[in-house]
Structures are given as structure tokens and as C-alpha cells.
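The values are calculated or read from the model by the stated rules, or taken from the named source; none is laboratory data. The structure displayed is predicted, hence computed values, not measured ones. Cβ sites come from the backbone with ideal geometry, for glycine too, and all protein chains shown count toward neighbours. Accessible surface is based on the protein model in full, side chains and every heavy atom, while ligands, DNA and RNA are left aside. Shrake-Rupley method; radii C 1.70, N 1.55, O 1.52, S 1.80 Å.
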Amino acid sequence: MVRSDKVLLIYTGGTIGMGKNPQTKALVPLDFSQFVSKLPELEQVETGIDVYQFASPIDSSNMMPDNWANLVRIIVENYDHYDGFVILHGTDTMAYTASALSFMLENLTKPVILTGSQLPIGQLRTDGKENLVTSIELAAQHHDDGTATIPEVCIYFNGSLLRGNRSTKQNAEGFTAFASFNYPHLCDAGVNFTFHDHHILQPDFTRPMIPHYEMDSNIVVFSLFPGIQEQIVRHVLAAPELKSIVMRSFGSGNAPQQSWLLNLLKDASDRGVTIVNISQCVSGCVEMSLYGTGYQLMDAGVISGYDSTVEAAATKLMYLQARYKNPVEVRRMMNKNLCGEITIA
């Protein structure tokens, strides 16, 4: 039987789909029919392509958990009809969306690839054409037995396929907009595709994908810095709605040895707030047992975020808080590698 690969292209908005208003010269979202007219290369792609367009394209700065749930619904409704999915998305929050979807699509067995561009699709030097065409080709890749080559949520940009929940935006101007500092590339796209199979997740292809739609975003992300003020931290931690904190610490997970800070963190932890420690460094891992300051954080109830990105830690907490009402269970699951988001020795 001849296999006919088919990919669903989901257009949410972002720079890739922008065009210039002829009067104001300002960038505005294009209707998808205008978008396709600027990309005749799609006619040469052998993979079948269908399109789902958001009713109103959105700037990714406005991306919210409800939009993630909508993306999950679109994928679920079309899951049996396509070999893979490509999501066109603005770059600013792409890593958040990729991380969130990696948790919300449990036991994903097909590729979900997010891509976009730094320049609009209609501009002469756009990076959008290569990013889109290559993402479609990658989403259709499969093994001889028909299983997907890349059955996980990814970001593709400028020749590199990255695990979505390991990615972060590193550059606002360069074409290499994303990097995964703590995890190798899944594929490098040059003249040929070079897949790094031993780095790619392998789900249980005999089990169904399990979608999750709820996210609980009662969290806060804050960075420690020299001179951080007690009263400000106290007000943040006193919010009754607060369920968890992503705390960006120094180096390998260290914090100021000020008693007020440790006491506030312990009080929050004792009342059920989950506090996850991740490093402000873009590369490396939190090791709270390395220095005395890290030990003091552990004594205050702070848990390690290992080598997680901010985006993965935040969306993982949202996902777990929606599933588990008991903070003890949330903390236990935060210490588990659910879908390749952290490295645990």
C-alpha cells in the first residue's frame, strides 16, 4: 500500500504571518489566503497539507492557557487523520506553548512542531519560508513500520529541531532565535536530515494519546538579586491565591543567606506553596547539596528544578496543579521527568 503523508498546518498568528499595511506601513496579520499567496513553494511540497486558521490571528504576547487548550482540542479532533501537526506561532511565547503542549498531550505519538520567523513571510530576506517548509517535511517523517520519527512536541528554527520543553528564546534579532542549552538537538537540517534518534522520546505506540485541557496558572516567577527587599517578597508570597513559585536562583541553586528570606520561603512551603528552584544561568543544573546556601533552601522546603527552563517549570506547575489538588503530589511529580523536560541522574 502506498502511504500518503498528510500534515495539518495550524495558523495562530505571529511575525511569519504579518504583512505591511499599505497606508501606515505598520505590520498587521495577514489572512491565510494572503499568506499562501506569498509562499508558492508550498505547491512543491509532496506532503499533503490542510490548514486550520485561528478565527483571529493573535500576537503571541497575548497567548494564554485557554489558547493552549484550544490547540489541544484541534489536535485531538484531527489526531487520527494526520501524520503530524505544524503550528505557526509568534516567537515571543513559543517556548511556553511548546512546553505546555508537551505536558497537555500525554503519550504523544505524532510530531507537533512549532515554528515561525523573525521576518514576515513576504519580506525578501524572510526566514519563514525555510522554517515552514522544513517543519512540514519533518512532521511527515516516519519509520518503515509507520511510526513517527519525531513523536514529541518540538520547535524548529534555522536548521535545528529542538525539544519543545527544553527550548528558550535566546535572540530577538538573529535567525537562530531558539536554543536548548541543556539538551542536544533532535535533528539538524542541512542538505539532508540528520536525526539523533537516541535523543528523541519514544512513547508507547500501543497506547492512545491522552489529552489534558486544564491549566492552573496561580503561580509566580521571580528572580533573586542582590538587594532584594523583604516587604516586596512578603507581599508576593502572602497572596492567598498563590500555589507555586518558580524561583530563579544564583549559579547552581544558591540564594542570599538572609534569615527573613529563608523564613518567608519556609512559611510559604509549610502552608502548601510549591517552591521550585531553577538557575538563572542558561546552562547547567541546580544542585542544592553543593553549597551551604543550597542546603538552607532545602531545609526551607524548596525543591530542585534540576536543569529545567523557566518555561518548562512554569507550565509543568500549571499542568500539575490542575491535575492534583494536594501540593505533596505536585511536589512529587515535579521531581519526576514526565516528558523529557528535566535530566535526573
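Key figures
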{"read-out": "Subset of region 114-171 [of a type in the set (S, T, N, Q), assigned to a helix (DSSP H, G or I) and within 13 Å of the chain's Cα centre (by Cα)]", "value": "ASN165"}
{"read-out": "Sole residue being of a type in the set (S, T, N, Q), closer than 26 Å to GLU46 by Cβ, buried (at least 22 other Cβ atoms within 10 Å of the Cβ) and touching a residue at least 60 places away in the same chain (Cβ under 8 Å), chosen from THR109, THR115", "value": "THR115"}
{"read-out": "The one condition in (1) surrounded by 23 or more Cβ atoms within 10 Å (Cβ to Cβ); (2) of a type in the set (Val, Ile, Thr); (3) within 16 Å of THR47 (Cα to Cα) that VAL133 fails to fulfil", "value": "(1)"}
{"read-out": "Residue within region 213-224 that is out of contact with any Lys or Arg (no Cβ under 8 Å at 6 or more places or on another chain) and charged (D, E, K, R) present", "value": "no"}
{"read-out": "Every pair of residues 6+ apart whose Cβ atoms lie under 7 Å, when the first sits in region 255-282 and is under 21 Å from LEU242 (Cα atoms) while the second is open to solvent by 60 Å² or more (accessible area, probe 1.4 Å) and part of a loop (DSSP other than H, G, I, E, B)", "value": "VAL273/LYS243; THR274/LYS243"}
{"read-out": "Exclusive hit being at pLDDT 85 or above, of a type in the set (D, E, K, R) and part of a loop (DSSP other than H, G, I, E, B), set ASP50, ASP92, ASP66, ASP80", "value": "ASP92"}
{"read-out": "Residues that are free of Cβ contacts under 8 Å to residues at least 60 places away in the same chain and under 21 Å from ARG331 (Cα atoms), drawn from region 242-254", "value": "LEU242, ILE245, MET247, SER249, SER252, GLY253, ASN254"}
{"read-out": "Qualifying positions in region 226-241 - of a type outside the set (Lys, Arg) and either within 19 Å of GLY272 (Cα to Cα) or touching a residue at least 60 places away in the same chain (Cβ under 8 Å) (or both)", "value": "VAL233, HIS235, VAL236, LEU237, ALA238, ALA239, PRO240, GLU241"}
{"read-out": "Selection count where residues are within 26 Å of ARG207 (Cα to Cα) and open to solvent by less than 70 Å² (accessible area, probe 1.4 Å), scope region 68-97", "value": "17"}
